[in-house]
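For reference, the structure is listed below as structure tokens.
Values quoted throughout were computed directly from the atomic coordinates according to the rules given, and no laboratory measurement underlies them. Remember, it's a predicted structure, so these values are computed and weren't measured experimentally. Quick reminder, even Gly has a Cβ in these numbers, built from the backbone with ideal geometry, and neighbours come from all protein chains shown.
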Amino acid sequence: MNEYDSARVAAFLEFNGWFPAAAAEKADMILVNTCSVRAKAEENAIARIRELRKLRVESGELRVGILGCMAKNRGESLRKDLPFIDFILGPDEYYKLPEIINSQLSTLNSQLELFAKLTNNYSAFVAIQSGCNMRCSYCIVPYVRGMERYREPESILKEIEAAAAQGVSEVVLLGQTVNGYRFKGLSFAGLLRQAADVKGIERIRFISPHPKHYTGELLEILMGEPKIAPHVHLPAQSGSNSILKKMKRQYTRENYLSIVEALRSWNPLYGITTDIICGYPGETEEEFEETLSLLREAQFDSAFMFAYSSREGTPSASEKELITKQEKKARLQKTIDLQSTITLERAKLMIGRTERILLEKPSRKNPNEWVGKTGNFKKVIVGATLAVAPTITGAYINCKISAVQGHTLRGTIND
Ligand code: SAH
Ligand code: SF4
């Protein structure tokens, strides 16, 4: 979502005559988009912004702005730590940018530049929903991103068509509970169907769906529409019903596993990835073990795993944290170790198969090799017979998976 927001701000500025600067030192304005989902994300953002202090102080003309969730969460108090910053804008305030640019940057020369990250040219993120109406007890997102709003299908489809016209063939629909999307009579499943009809779009992904909104209608289209990639990132957070209840996640372990069962009985190689939080306040050893057993039972292809981070203003922040820091870390490590072996097992199941992969970019380690993704979202390094391959970013090729190295697949191109 943040990458998408950055790209939109960049596109907006470019439309208004700005250009990306080749380096931070050359920029007239630096905007730092931030996350506040965990304390660590904010600490990292503050450290990165602090690095800009020297540039800002030395150049009378450079302006530094903070965007995103941390800007909203901490607001003006950020100036205490970062007195050199020029402006602070939360996720719903980017419309104020022109006014800020006019008032603060009017002395700049006409060749204005911007330092921003743009999305790649083979895959497009398209936000279909903003905000979140859930109130998971630990989560700051609803407070910084506000209530759910759904974009009009016409505007979503226009954006997808525009991306496809530029050669993008993969689209990733974004929202905090993306499968809860609805607009007048149109459901998320209906929107997927319309997106699949866009000429030039060959692969559709979406992130993050919520288990509560996994309807029969959705399962039906996931299994019936070949353009929808056989992968889902479905955050579970915990394998314990008592913790899920305290987290206010609105599903049980059994509900969650029934989705896994439906997808994997249809396609045993269906990619399922997840998010896990370790050491929620009051999590007992038994409750933690249930998370480990969920990992074993669901056989996730991979997972993002986090130690619980108390976020001021959320309901769980008022719960006493009785689990020590070391214990939380130890639980996280155990989770990572177990998932690592499962990830490897799942990767090995791919050996010998021929997969359609989307070529993304040359490998950083060896420019003669390319990085691609399978439909079930596994990274593949393709080498050797590349001379015969259409070596263009965004091409689909058939690739024979020959080995697993670390957690990454290796393959060769089938003619
Ligand atoms: N909307 C998505 C999640 C968005 S936040 C969903 O509900 O599935 C991304 C991930 O950050 C979450 O899935 C969760 O695992 C993690 N996270 C959020 N708040 C956290 C906290 N306070 N401590 C640790 N991890 C957290
Ligand atoms: Fe946060 Fe829950 Fe909303 Fe996800 S669904 S963004 S975890 S409140």
Next item on the list: Report, by residue number, each residue of segment 298-319 that is within 30 Å of residue 356 (Cβ to Cβ) and loosely packed, with under 15 Cβ neighbours inside 10 Å.
Entry: 304
Next item on the list: Considering every residue within segment 173-188, establish whether at least one is assigned to a loop (DSSP other than H, G, I, E, B), among the charged types (D, E, K, R), over 20 Å from residue 249 (Cβ atoms) and away from ligand 1 (no atom under 12 Å from the Cβ).
Entry: yes
Note to self: Filter segment 14-50 down to the residues that are small (Gly, Ala, Ser), closer than 30 Å to residue 316 by Cα and in contact with a helix residue (DSSP H, G or I) (Cβ under 7 Å, 6 or more places away or on another chain) and list them by number.
What the structure shows: 36, 45
Next item on the list: Could you please find all residues in segment 320-356 being in a strand (DSSP E or B) and either within 16 Å of ligand 2 (Cβ to nearest atom) or surrounded by 20 or more Cβ atoms within 10 Å (Cβ to Cβ) (or both)?
Entry: 355
Margin query: Can you tell me which condition residue 226 does not meet? The list is (1) under 30 Å from residue 166 (Cβ atoms); (2) crowded, with 18+ Cβ neighbours inside 10 Å, and all the others hold.
Written below: (2)
Note to self: Restricting to segment 135-167, name every residue that is touching a helix residue (DSSP H, G or I) at 6+ places or on another chain (Cβ under 7 Å), among the aliphatic types (A, V, I, L, M) and over 30 Å from residue 393 (Cα atoms).
What the structure shows: 140, 144
Item checked: Tally, over segment 50-90, of residues that are touching a residue at least 12 places away in the same chain (Cβ under 8 Å) and either touching a Gly at 6+ places or on another chain (Cβ under 6 Å) or charged (D, E, K, R) (or both) -> 12
Checklist line | Residue satisfying condition, being of a type in the set (Lys, Arg), touching a residue at least 60 places away in the same chain (Cβ under 8 Å) and more than 18 Å from residue 222 (Cβ to Cβ), within set 311, 331 | finding: 311
Check: Could you list, in sequence order, the residues of segment 199-229 that are outside any helix (DSSP H, G or I), more than 16 Å from ligand 1 (Cβ to nearest atom), in contact with a strand residue (DSSP E or B) (Cβ under 6 Å, 6 or more places away or on another chain) and not basic (Lys, Arg)?
Finding: 201, 204, 228, 229
Checklist line | Boolean, residue 171 is under 25 Å from residue 227 (Cα atoms) and buried (at least 19 other Cβ atoms within 10 Å of the Cβ) | finding: yes
Item checked: Residues being in a helix (DSSP H, G or I) and either within 13 Å of ligand 1 (Cβ to nearest atom) or under 28 Å from residue 347 (Cβ atoms) (or both) - total across segment 257-288 -> 11
Checklist line | Residues located in segment 129-150, provided they are more than 8 Å from ligand 2 (Cβ to nearest atom), within 19 Å of the chain's Cα centre (by Cα) and assigned to a loop (DSSP other than H, G, I, E, B) | finding: 131, 146, 148
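Residue-by-condition table, conditions (1) touching a Pro at 6+ places or on another chain (Cβ under 8 Å); (2) of a type in the set (Val, Ile, Thr); (3) at positive phi:
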position: 42; (1), (2), (3): no, no, no
position: 50; (1), (2), (3): no, no, no
position: 57; (1), (2), (3): no, yes, no
position: 62; (1), (2), (3): no, no, no
position: 65; (1), (2), (3): no, no, no
position: 72; (1), (2), (3): yes, no, no
position: 81; (1), (2), (3): no, no, no
Item checked: Pairs where the first residue, in segment 230-256, is assigned to a helix (DSSP H, G or I) and the second is away from ligand 1 (no atom under 13 Å from the Cβ) and aliphatic (A, V, I, L, M), C-beta under 8 Å, 6+ apart -> 253/294; 256/294; 256/298
Next item on the list: Within segment 12-49, work out how many residues are surrounded by 13 or more Cβ atoms within 10 Å (Cβ to Cβ) and without any contact (Cβ under 8 Å) to a residue 24 or more places away in the chain.
Entry: 1
